[in-house]
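Structure first, commentary second.
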Amino acid sequence: MLTLLHEAKAKKEAQSILFRNLTHALNREGKKNIGFPSGNVDEIVYSAGKGKLWCAFGKPSQEAAVPRYWTPFGIYDPDRPSQQIVVEINVPSDHNTAQVAGFFAQDSETGDIFLMHDGGVGGGRKGVGQTAFLVWSKAKLVDVIVDGGKVRRGIAVAKLDHPDLPERIWRFVKIVNRFKEAIRSGNLDSDAFRREIEEFDRYKKEFSGTKKGSNGGNFEYLTYHGDIVQKLYDERCKIAAPDEQVLNSSMIDLFVKKAGVITEIYEVKTGLGRQTLYTAIGQLMTHSAAGNGTPSKFLIVPDDAEIPGDFRLAIKYLGIEVRKFRLTGTNSEHQIELLG
């Protein structure tokens, strides 16, 4: 289970870990000008090289409406007079308001701390925001417990103390950048994409209820959830028939519609704990029953653990097909491989 890091001291320590690990992994480029819509500022920039990740760190300003740790990210171009920000992952220093998109969350079992973003990525155009980004990117929102048992949802961008921290942040930056490029080019200004957003919101409304804040799964894989869904999406799109749509929603990781009817449902789980499997089966059966017809049901799980025998029997009985994924590569550069 993930819980919000809410105390000012704990957030300051987490920000220090983020600073230490990124500045250790990246090159110090010296003081550079950083531009943003309301002006510009000079800050020390750290980068992985030309055309790759850059970041900077600003101290909280008490003059801001919500004081925050300012942490901009972008694509480094040493030939530009001013570095351009792709996305900021700012965390409130003294408050826990959701007005600021960034926050830290801690795994209550392992103590691991995650850098989170609520997906509220603006595209510089009215009506383009969180829902459009989630639909386009296939990013997964996970539950984070806040004081009083309430839940805040966000994208697990990276684990602070993992060797792949720069890689995971770089992946997020590239996704946001491609999203903004798609907006500028007009690729999202279509009836098809608007229908995807409507579909996404429809499932959110139909299946919204009281959040209990339970989170199953292996947090080691949590930041890769979006990669897995994207891999499935790309693979399924390649063989999609002209009358098929490959979609996602806030409730369903991936599904296929043919002539307006749901024909396939995919649920990705990053762990094989019993509660996770109970949840996965419930999600697949609930969402398949909600549509017309009898869609094929697919459960995607990691290949480094076995599904318990009683679950294997239940999955077979319910007609759920299991497919596995594997992380390949090094600790600092992972890739997703779909098996079968």
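The values are calculated or read from the model by the stated rules, or taken from the named source; none is laboratory data. The structure displayed is predicted, hence computed values, not measured ones. Ideal geometry is used to build each Cβ from the backbone, glycine not excepted, and the neighbour counts take in all protein chains shown.
Can you say whether Phe103 is out of contact with any Pro (no Cβ under 8 Å at 6 or more places or on another chain) and either touching a residue at least 12 places away in the same chain (Cβ under 8 Å) or among the hydrophobic types (A, V, I, L, M, F, W, C) (or both), as far as the supplied structure shows?
Against the criterion (out of contact with any Pro (no Cβ under 8 Å at 6 or more places or on another chain) and either touching a residue at least 12 places away in the same chain (Cβ under 8 Å) or among the hydrophobic types (A, V, I, L, M, F, W, C) (or both)), Phe103 does not qualify.
Could you list all residues from the range 45-99 that are in a strand (DSSP E or B), among the hydroxyl-bearing types (Ser, Thr, Tyr) and within 19 Å of Phe114 (Cβ to Cβ)?
Listed by number, the list holds a single entry, Tyr69.
Exactly one of (1) under 20 Å from the mean Cα position of the chain (by Cα); (2) surrounded by 18 or more Cβ atoms within 10 Å (Cβ to Cβ); (3) not in a helix (DSSP H, G or I) is unmet by Arg326. Its number?
(2)
Every residue in the range 138-170 that is at pLDDT 90 or above and assigned to a helix (DSSP H, G or I), please.
Leu165, Pro166, Glu167, Arg168, Ile169, Trp170
Using the structure shown, decide if Lys31 is exposed (fewer than 15 other Cβ atoms within 10 Å of the Cβ), more than 23 Å from the chain's Cα centre (by Cα) and assigned to a loop (DSSP other than H, G, I, E, B).
Answer is no for this residue.
In the range 241-260, what count of residues is obtained for those that are at pLDDT 90 or above and either part of a helix (DSSP H, G or I) or surrounded by fewer than 13 Cβ atoms within 10 Å (Cβ to Cβ) (or both)?
3
Just name the residue that is nearest to Ala105 (Cα to Cα) out of those in the range 152-193 that are loosely packed, with under 14 Cβ neighbours inside 10 Å and out of contact with any helix residue (DSSP H, G or I) (no Cβ under 9 Å at 6 or more places or on another chain).
Glu181
For the range 70-89, how many residues are surrounded by fewer than 20 Cβ atoms within 10 Å (Cβ to Cβ) and in contact with a Ser or Thr (Cβ under 6 Å, 6 or more places away or on another chain)?
0
Considering each of Thr131, Thr110 in turn, give the residue that is among the hydroxyl-bearing types (Ser, Thr, Tyr) and either in a loop (DSSP other than H, G, I, E, B) or at pLDDT 90 or above (or both).
Result: Thr110 is the single residue among Thr131, Thr110 that is among the hydroxyl-bearing types (Ser, Thr, Tyr) and either in a loop (DSSP other than H, G, I, E, B) or at pLDDT 90 or above (or both).
Restricting attention to the range 287-304, report how many residues are at pLDDT below 90 and on the phi < 0 side of the Ramachandran plot.
8
Among the residues that make up the range 171-178, is at least one of them modelled with pLDDT of 90 or more and farther than 30 Å from Leu26 by Cα?
No, the range 171-178 contains no residue that is modelled with pLDDT of 90 or more and farther than 30 Å from Leu26 by Cα.
So which residues in the range 288-320 are touching a residue at least 40 places away in the same chain (Cβ under 8 Å) and within 22 Å of the chain's Cα centre (by Cα), if there are any at all?
Ile300, Pro302 - these are the residues of the range 288-320 that are touching a residue at least 40 places away in the same chain (Cβ under 8 Å) and within 22 Å of the chain's Cα centre (by Cα).
Filtering the range 261-286 down to residues that are out of contact with any strand residue (DSSP E or B) (no Cβ under 6 Å at 6 or more places or on another chain) and among the small types (Gly, Ala, Ser), which residue is modelled with the highest pLDDT?
By that ranking, first place goes to Gly282.
I'm told Phe298 meets every condition in (1) closer than 30 Å to Pro166 by Cα; (2) touching a Phe, Trp or Tyr at 6+ places or on another chain (Cβ under 6 Å) except one. Can you identify the failing condition by its number?
Against the list (1) closer than 30 Å to Pro166 by Cα; (2) touching a Phe, Trp or Tyr at 6+ places or on another chain (Cβ under 6 Å), Phe298 comes up short only on (1).
Using the structure shown, decide if Arg236 is over 30 Å from Gln106 (Cα atoms), modelled with pLDDT of 85 or more, surrounded by fewer than 20 Cβ atoms within 10 Å (Cβ to Cβ) and not assigned by TED's automatic domain parsing to the domain that holds Ala139.
The answer is yes for Arg236.
Quick check on this structure: which one of Thr97, Thr110 is among the hydroxyl-bearing types (Ser, Thr, Tyr), over 27 Å from Gly271 (Cβ atoms) and surrounded by fewer than 22 Cβ atoms within 10 Å (Cβ to Cβ)?
Just one listed residue meets the conditions, Thr97.
Could you grab me the full set of residues in the range 171-190 that are assigned to a helix (DSSP H, G or I) and charged (D, E, K, R)?
Arg171, Lys174, Arg178, Lys180, Glu181, Arg184
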